[in-house]
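Have a look at the structure below, then the notes.
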Amino acid sequence: MRVFDTERQEWAGSRRERLFHTERYLDLPRQRSVLQRTAIVLTVCGVSFGAWALGWKDEPEPYRPPAQEAPVDPGAPEGTGTGDPTQSASASASPTPPAGYEVLDDSQGFRIAVPEGWTRESQSSQYGIDIVEYRGPDGIRRIQIFQVMETTVHESVVESQKASSKLDGYQEIHVQDVTDPSGGAATEHEYMADELSGEPATGTTYHVIDYRFAAQDGEKYALIVYGSQSDGADAERELLDTARAWFCPPSTECAAPETS
C-alpha cells in the first residue's frame, strides 16, 4: 500500500520497493550524509589516481650508458677514419715510379715513365702518333715510342729484325713471343750491334731490346730501349719494364701500376 510521506513530500512505495531502493526512502538528512560520504570517497580515489599517474609519468627510464665514439688517430689523414692503419695508408697513397724515374704525360697523348732529366725529341711518322724519343745525358741510353701498322706485333718485329741484322756487329740474343703485362700479345727482339741506324759511330757496342705489344686501346705500339753493352743487360731491362708498366695509350684511362 502506498502512503504519502510528508517529510519527503511524495508517495512512499511498498515494502519490496523499500528493500531494493533504500536510498530513495531515507529522510533528507540521511540522504545528505550518504551523498557527502560518497563525494569524499570519490575525491580520495581521484587524488590517489592522480598521484599514481604523475608518479608513473615522472618515473626515470632505466640507465643506459652513453655511446662511446671510436678513438681517432690524430696522425691519420682526414676522412680515413679508424680501422686498419695499413689499409688506410695504402688506400690514400698514390703509386709512384721507381726512384730516379718520373711519370710524363707526353704531348702525343700517352703516359710513360722515364729517367729524370732525360730530353725529348720527336719526328713525324707515316702511321699513328709521332715517333717520340727520350734520351739520356750520355747520348747513348734512350727509349723510343711509336705506333706500328703491321697486322700483328710478331710480324712487325720480324720485319724490324730483318733490317737490324744488317747492322755492323749485329748479334741476335733472341726473337720471341712473350706475354704482355696487360695479358695481350707481345713480341721481343733483343740484340747487340756496333752501330745504330741513323746514329753516328761512337765505338760503343749497343744493347737493344725492341718490344712491340698490343696496348689497352687495341692499337699496337713499339717500345725500343738502347744502352751500352758495358752497362749490362739489366739496365735496359729495367728501363723497358718501367716504361711499359706506366705506359698508357692516348685517350685511354689506365690505372697506375702497383708498386712495392
**Study point:** Selection status of Glu253, assigned to a loop (DSSP other than H, G, I, E, B) and charged (D, E, K, R)
**Key:** yes
Review point. For Pro181, which of the numbered conditions (1) open to solvent by less than 40 Å² (accessible area, probe 1.4 Å); (2) closer than 18 Å to Phe110 by Cα; (3) assigned to a loop (DSSP other than H, G, I, E, B) fails to hold?
Key: (1)
**Study point:** Residue tally, condition open to solvent by less than 40 Å² (accessible area, probe 1.4 Å), within 17 Å of Tyr206 (Cβ to Cβ) and touching a Phe, Trp or Tyr at 6+ places or on another chain (Cβ under 8 Å), over the stretch 123-160
**Key:** 7
Review point. Quick one: is Asp217 charged (D, E, K, R) and in contact (Cβ under 8 Å) with a residue 60 or more places away in the chain?
Key: no
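Residue by residue, here is whether (1) open to solvent by 10 Å² or more (accessible area, probe 1.4 Å); (2) of a type in the set (D, E, K, R) holds:
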| residue | (1), (2) |
| --- | --- |
| Tyr191 | yes, no |
| Glu199 | yes, yes |
| Val208 | no, no |
| Tyr226 | yes, no |
| Gln229 | yes, no |
| Ala233 | yes, no |
| Pro249 | no, no |
| Cys254 | yes, no |
**Study point:** Among (1) open to solvent by 80 Å² or more (accessible area, probe 1.4 Å); (2) among the charged types (D, E, K, R); (3) under 25 Å from Gln216 (Cα atoms); (4) in contact (Cβ under 8 Å) with a residue 12 or more places away in the chain - the single one Asp106 does not satisfy
**Key:** (1)
Revision key, fill the gap. Of (1) in a loop (DSSP other than H, G, I, E, B); (2) under 26 Å from Tyr101 (Cα atoms), Phe213 fails just (1)
Point to revise | Lone unmet requirement of (1) at pLDDT 90 or above; (2) farther than 20 Å from Asp105 by Cα for Ala245 | key: (2)
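The values are calculated or read from the model by the stated rules, or taken from the named source; none is laboratory data. In this text, all values refer to a predicted model and were calculated from it rather than measured experimentally. Cβ coordinates were reconstructed from backbone atoms using ideal geometry, including for glycine residues, and neighbour counts include every protein chain displayed. Keep in mind that these areas ignore ligands, DNA and RNA; they rest on the heavy atoms of the full protein, side chains included. Shrake-Rupley method; radii C 1.70, N 1.55, O 1.52, S 1.80 Å.
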